[in-house]
1. Kindly provide the set of residues from the range 127-146 that are buried (at least 24 other Cβ atoms within 10 Å of the Cβ) and within 24 Å of the chain's Cα centre (by Cα), ordered by number.
2. Please tell me if Tyr81 is in contact with a Phe, Trp or Tyr (Cβ under 7 Å, 6 or more places away or on another chain), among the hydroxyl-bearing types (Ser, Thr, Tyr) and in a helix (DSSP H, G or I).
3. From the list Phe150, Phe121, exactly one residue is in contact (Cβ under 8 Å) with a residue 40 or more places away in the chain and of a type in the set (A, V, I, L, M, F, W, C). Which is it?
4. Could you please let me know if Val112 is modelled with pLDDT of 90 or more and surrounded by fewer than 23 Cβ atoms within 10 Å (Cβ to Cβ)?
5. Take the range 147-172 and flag every residue that is over 20 Å from Ser79 (Cβ atoms) and open to solvent by 60 Å² or more (accessible area, probe 1.4 Å).
6. For the range 123-144, how many residues are of a type in the set (A, V, I, L, M) and over 15 Å from Ser57 (Cβ atoms)?
7. May I ask you to list the residues in the range 21-72 that are within 19 Å of the chain's Cα centre (by Cα) and of a type in the set (Phe, Trp, Tyr)?
8. List the number of the failed condition for Ile80; all other conditions in (1) surrounded by fewer than 20 Cβ atoms within 10 Å (Cβ to Cβ); (2) in contact with a Gly (Cβ under 8 Å, 6 or more places away or on another chain); (3) modelled with pLDDT of 95 or more hold.
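The values are calculated or read from the model by the stated rules, or taken from the named source; none is laboratory data. In this text the structure is predicted, and so the values were computed from the model without any measurement. Because the Cβ atoms are built from the backbone with ideal geometry, glycine has one as well, and the counts that use them run over all protein chains shown. For the accessible areas, the whole protein counts, side chains as well, though only heavy atoms, and no ligand, DNA or RNA atoms are used. Shrake-Rupley method; radii C 1.70, N 1.55, O 1.52, S 1.80 Å.
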Amino acid sequence: MSPQAIMSEMNTAFINEARCPVYASFFGAMGCAASIVFTVLGASYGTAKSSGAIFASGILRPERLMQNTLCAIMAQILSIYGLVASVIISGDLVEKMPLHQGFLQLGAGVSVGLCGLAAGFAIGIVGDAGVRASSQQPRLYIGMVLILIFAEVLGLYGVIVGILMLTKSKENITVCTF
């Protein structure tokens, strides 16, 4: 083997070692976990916060009980966003992967998770106030629904950014050979 071939192989091994460390998949796994954990926290807060108002208003107007459960339903949609992102990320997790890909998976998971957490807080607060107000004045229900939609879209923005990041994590990456 010529000296140039030996140097080329050493450089390739060095590049693969620097770009494909053994801990790269850890970041992808953390992105997968962050996605589902934070969205479920947001969904549970939104459900719990709005459920108190749903039951309290059910005493005053029991005929509106099912209509007022929209807040809790919209909060639970956030956990579906986290589940979808986690499944997509987990499908790309391998033992040896480029560090770049692991970082993008972490970023995607955190993006989905924190946006879902923020949306869950917004849905819970809006749902609590909106259900109580619309029980006293039914014409406020449409306004509450519009504000809930705006709050839900915050979680959707995180999913869109996460999918864009996951798409980028598959383009022009180093192939980890060892």
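1. Within the range 127-146, just Gly127 meets the criteria.
2. Criteria not met by Tyr81.
3. Testing whether each residue is in contact (Cβ under 8 Å) with a residue 40 or more places away in the chain and of a type in the set (A, V, I, L, M, F, W, C) leaves just Phe121.
4. Considered against the rule, which asks whether it is modelled with pLDDT of 90 or more and surrounded by fewer than 23 Cβ atoms within 10 Å (Cβ to Cβ), Val112 comes out as no.
5. Selection gives Ile147, Leu164, Thr167, Lys168, Lys170, Glu171, Asn172.
6. 3
7. Across the range 21-72, the qualifying residues are Phe26, Phe27, Phe38, Tyr45.
8. Of everything listed in (1) surrounded by fewer than 20 Cβ atoms within 10 Å (Cβ to Cβ); (2) in contact with a Gly (Cβ under 8 Å, 6 or more places away or on another chain); (3) modelled with pLDDT of 95 or more, Ile80 misses just condition (2).
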